[in-house]
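Taking it in order: structure first as structure tokens, then the write-up.
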Amino acid sequence: MESGPAVFAGAAFTLFGAGLLLWTSVRVRLREPVAEGAEQATAAVLASVFGAAFLAAGLWAFTRL
């Protein structure tokens, strides 16, 4: 019973983190803005850090099954 929420949370965090990292890397590679009105390097670093954190949280949730 308790593994259902852990699977859902793990999937949600993992997919969001991976998607954010993929989106950020594509935007940086194409030299397009990562965030509107923010400096390119700062936005790319922050988006990468948060993407990695969400990916790690999702993987951590999967270890709690």
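The values are calculated or read from the model by the stated rules, or taken from the named source; none is laboratory data. The structure displayed is predicted, hence computed values, not measured ones. Cβ placement follows ideal geometry from the backbone for every residue including glycine, while neighbour counts extend to all protein chains displayed. Side chains are part of the model used for accessible areas, which takes the heavy atoms of the whole protein and leaves out ligands, DNA and RNA. Shrake-Rupley method; radii C 1.70, N 1.55, O 1.52, S 1.80 Å.
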>> I'd like the orientation of helix 40-63 relative to the chain: the angle between its Cα long axis and the longest Cα principal axis, in ° from 0 to 90, rounded to 10.
In response: 10 degrees
> In µm²/s, what is D for segment 15-60 at 10 °C and 1.306 mPa s, where D = kT/(6 pi eta Rh) by Stokes-Einstein and Rh is the Kirkwood radius from Cα pairs?
Replying inline: 151 µm²/s
>> At 1.4 Å probe size, with the rest of the protein present, what percent of the exposed accessible area of the chain is carbon and sulfur atoms?
In response: 71 percent
> Once both labels are modelled 7 Å past Cα along the beta-carbon direction, what's the Arg29-Leu46 spacing in nm?
Replying inline: 2.4 nm
> Rolling a 1.4 angstrom probe over the protein heavy atoms, how many square angstrom per residue are accessible across the chain?
Replying inline: 73 Å²
>> As a test question: what accessible area, to the nearest 10 Å², does Phe54 have when a 1.4 Å probe is rolled over all protein chains in place?
In response: 60 Å²
> Nearest 10 degrees, 0 to 90: what angle lies between the long axis of helix 3-29 and the longest principal axis of the chain (Cα atoms)?
Replying inline: 10 degrees
